[in-house]
Amino acid sequence: MLCVFLTNRFFPNSQGSGIPQAIAARQLSDQGSRGRLVSVRIAIGKILLTLLGLLCGASVGREGPTVQVGASIMFAIGRMSPRRQPGLILVGAAAGVAAAFNTPLAGIVFGIEELSRTFESRTSGLIIGGVIAAGLTSLAILGNYTYFGSSAGTLRVGLDWLAVPLCGVAGGLAGGLFSRIVIAVARGLPGRIGPAVKRHPILFAMMCGLGVAACGLASGDTIYGTGYSQVKAALDSGVPLPASFGALKFLSTMFSTISGIPGGIFSPSLAVGAGLGANVAGLFPGAPLGPIMLLGMVSYFAGVVQAPITAFVIVAEMTNNHAMVIPLMAAALIAYASSRAVCPEGIYHALSKGFLAKAAEKTPG
């Protein structure tokens, strides 16, 4: 409740992951409208309020917020050159992804595939330069690391490969369902519920917080935060996650996202996918747990963001597992197709339309 109050009162447009705001800011031409979506003020609020959400146990990540923070910083730098601002916002956003996961390739791919949805030769050099700068800064502060450590596991020849389409379909459908729910709440639920949520955002945040707390109690306090430690421990030890982890993480992330607090869905989505993969691995006795968890991670992530190339690149890069590239690619493609059957539009671009509509209302003429 406090987080939503501070967001609405002092840092409007800092809610959610921040990626839709960065996408919308690139499409706007008015400086004032851009500044309401990406600014130094919003960047400061984004950092503080995302930390507050994590400290309170919200199931959110820091990776999406770094996109808006990076875009805000580059917007401020580019104020003297409005023509170049869309490219600079793209650079800052891509650098945010690269720095958050120490995944430079994923930052570049995400910038092209999802943020801009086109390849522009005039901005490619800027994107690479921005990612290099972000990567060097991350290396200077944290050193060279792999987000989930190095994983050398791979699928055995034979029945293990059936986990690829199984994870792809299950992860894609679940990811599409998550996106559809979040988009529906953002646009306003039908009947009296939608207007009531808009009129009483803090009360709605309280209800969402209670939902997260209930999931936390049911999970034995394992679904709070990003889910990073639980997933990394399972990958390192080979001990499966609890059977209910994926479902409870899904619910807690949904409650956290629709509540209106600042926070990303990258890391929580990977955690949900890891739980799904662990459940699927139980259907294949003797199969290595790690590779099937990776399939679940890439499938659910691709289902949520509907960016299959980014999905398999980011998972392969954060685990340093090149032997799994082909099955990860296949799972991401299947998940993307499955997700589209449930949610025809990607979550970030769908949410960005709301910010564009609000900007149009506030722009004179």
Inset, instruction - Test each condition in (1) modelled with pLDDT of 85 or more; (2) touching a Phe, Trp or Tyr at 6+ places or on another chain (Cβ under 6 Å) for Phe101 and report the one that comes out false. - result: (1)
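Given the residues Phe178, Phe204, Phe250, which is the only one that is over 16 Å from Gly303 (Cβ atoms) and either touching a residue at least 40 places away in the same chain (Cβ under 8 Å) or assigned to a helix (DSSP H, G or I) (or both)?
Values: Phe178 fails: over 16 Å from Gly303 (Cβ atoms); Phe250 fails: over 16 Å from Gly303 (Cβ atoms).
Checking each option against the conditions leaves just Phe204.
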Legend entry - Flag if Ser151 is under 16 Å from Met324 (Cβ atoms) and of a type outside the set (Phe, Trp, Tyr): yes
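Mind listing just one residue for me: the one in segment 79-98 that is of a type in the set (A, V, I, L, M, F, W, C) and under 14 Å from the mean Cα position of the chain (by Cα) and, of those, nearest to Leu139 (Cα to Cα)?
Ala98
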Legend entry - Among (1) part of a loop (DSSP other than H, G, I, E, B); (2) of a type outside the set (A, V, I, L, M); (3) within 26 Å of Met318 (Cβ to Cβ); (4) without any contact (Cβ under 8 Å) to a residue 24 or more places away in the chain, the one test that Pro240 misses: (4)
Legend entry - Residue that is touching a residue at least 12 places away in the same chain (Cβ under 8 Å), of a type in the set (Lys, Arg) and outside the structural domain of Ala271 (by TED's automatic domain parsing), where the choices are Arg36, Arg9: Arg36
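Here are Met318, Met206: which of them is modelled with pLDDT under 95, over 20 Å from Leu177 (Cα atoms) and outside the structural domain of Leu49 (by TED's automatic domain parsing)?
On the way: Met206 fails: modelled with pLDDT under 95.
After applying the criteria, what remains is Met318.
Yes or no, residue by residue, for (1) more than 14 Å from Pro86 (Cα to Cα); (2) part of a loop (DSSP other than H, G, I, E, B); (3) in contact with a strand residue (DSSP E or B) (Cβ under 8 Å, 6 or more places away or on another chain); (4) among the polar types (S, T, N, Q):
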site: Ile23; (1), (2), (3), (4): no, no, no, no
site: Arg26; (1), (2), (3), (4): no, no, no, no
site: Ser33; (1), (2), (3), (4): no, no, no, yes
site: Gly53; (1), (2), (3), (4): yes, no, yes, no
site: Gly57; (1), (2), (3), (4): yes, yes, no, no
site: Pro65; (1), (2), (3), (4): yes, no, yes, no
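The values are calculated or read from the model by the stated rules, or taken from the named source; none is laboratory data. This is a predicted model, so every value here is computed, not measured. Here the Cβ is made from the backbone with ideal geometry for all residues, glycine too, and neighbour counts use every protein chain on show.
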